[in-house]
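Input: a single structure, listed below in structure tokens.
The values are calculated or read from the model by the stated rules, or taken from the named source; none is laboratory data. Keep in mind that this is a model prediction, so the values were computed, not measured. Here the Cβ positions follow ideal geometry from the backbone for every residue, glycine too, while neighbour counts run over all protein chains shown.
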Amino acid sequence: MHLDALIAEDEPLLRQALAAQLQRLWPELRIVAECEDGAAALEALETLKPDLAFLDIRMPGVTGIDVARALETLSPRTQVVFVTAYDQYAIDAFERGAVDYLLKPVADERLLATRQRLLARLQAGTPDRQVLDRLLEQLARRPAEKAVAPPLAWITASSGRQTRLVMLEDVLYFRADSKYTAVVTASEELLLRSPLRELADVLDPQCFRQVHRSTIVNMKAVAAVEREDSGRGVLRLKGRSETLVVSQAFMSLFRGM
């Protein structure tokens with residue numbers, strides 16, 4: 001059976017290792033996308049709709065859990081395999097939920113067993129969404145991990161030859177600008193010499209949300225979210241004339257708002 005698969009893993013060496021392992025042990029499987037983060041995975045799923053998605057749970061910004069939640073909208077037939085270094089609490093949740101997982105580092109024997117279960121499940125048809133939803137709820141309720149660094153309160157960004165201190169509460173949104181990031185406040189636009197994806201993991205997820213592969217917005221600055229006929233969205237900002245595009249792949253993350 002020829003199948004298409006997507007891999008989402010933010011560690012390049014682990015991503016390459018899993019791809020090579022799959023090619024060696026499952027040669028008829030075609031890897032159609034290797035994604036470095038959850039944002040790229042959402043866009044690839046929307047376009048490619050692969051049979052399988054191997055998702056690292058902990059990725060900066062959009063996590064593997066976020067991606068799995070979006071599958072019902074983006075690619076309902078895609079079967080999920082979580083790749084995890086989680087503790088026993090999460091492993092128990094996987095076992096009870098009958099959803100496939102691979103524990104890092106991935107053993108050949110485990111991957112071969114997962115292959116057999118996936119083939120059987122694919123022949124049965126559409127994934128059991130209720131089983132996946134229950135697992136995602138369990139993972140969301142897992143105890144908080146210790147020693148997690150608090151979100152950033154401020155950053156330094158450039159304005160011409162000056163280096164300025166910017167409080168994050170004053171930032172309206174971040175926009176990818178080549179290998180740098182534009183920082184937009186109510187009064188000015190500055191430049192941060194770091195790529196957007198490095199910001200995603202250190203911003204407060206209660207305040208900042210990725211809405212496009214190239215945009216992270218401060219939700220406190222959002223006045224309204226509008227859905228277009230095409231499926232994508234538009235964010236209107238408080239006191240600002242410009243609007244921000246929410247790509248169709250990211251609109252699923254706004255359910256329940």
From the option list 198, 242, single residue qualifying as out of contact with any helix residue (DSSP H, G or I) (no Cβ under 9 Å at 6 or more places or on another chain), in contact (Cβ under 8 Å) with a residue 24 or more places away in the chain and not assigned by TED's automatic domain parsing to the domain that holds residue 38 is 198
May I ask you to say which residue of 48, 25 is surrounded by fewer than 19 Cβ atoms within 10 Å (Cβ to Cβ), closer than 18 Å to residue 76 by Cα and either touching a residue at least 40 places away in the same chain (Cβ under 8 Å) or in the same structural domain as residue 212 (by TED's automatic domain parsing) (or both)?
-> 48
Of the residues in segment 184-223 that are touching a Ser or Thr at 6+ places or on another chain (Cβ under 7 Å) and part of a helix (DSSP H, G or I), the one that is surrounded by the most Cβ atoms within 10 Å (Cβ to Cβ) is 196
Residue ID - surrounded by the most Cβ atoms within 10 Å (Cβ to Cβ), chosen from residues in segment 235-253 that are touching a Lys or Arg at 6+ places or on another chain (Cβ under 8 Å) and under 8 Å from residue 212 (Cα atoms) = 246
Unmet criterion (only one of (1) under 22 Å from residue 46 (Cβ atoms); (2) out of contact with any helix residue (DSSP H, G or I) (no Cβ under 8 Å at 6 or more places or on another chain); (3) in a loop (DSSP other than H, G, I, E, B)) for residue 230 | (2)
Could you check how many residues of segment 23-77 are among the basic types (Lys, Arg) and in a strand (DSSP E or B)?
-> 1
Could you say whether any residue in segment 172-190 is in contact (Cβ under 8 Å) with a residue 40 or more places away in the chain, acidic (Asp, Glu) and more than 30 Å from residue 45 (Cα to Cα)?
-> no
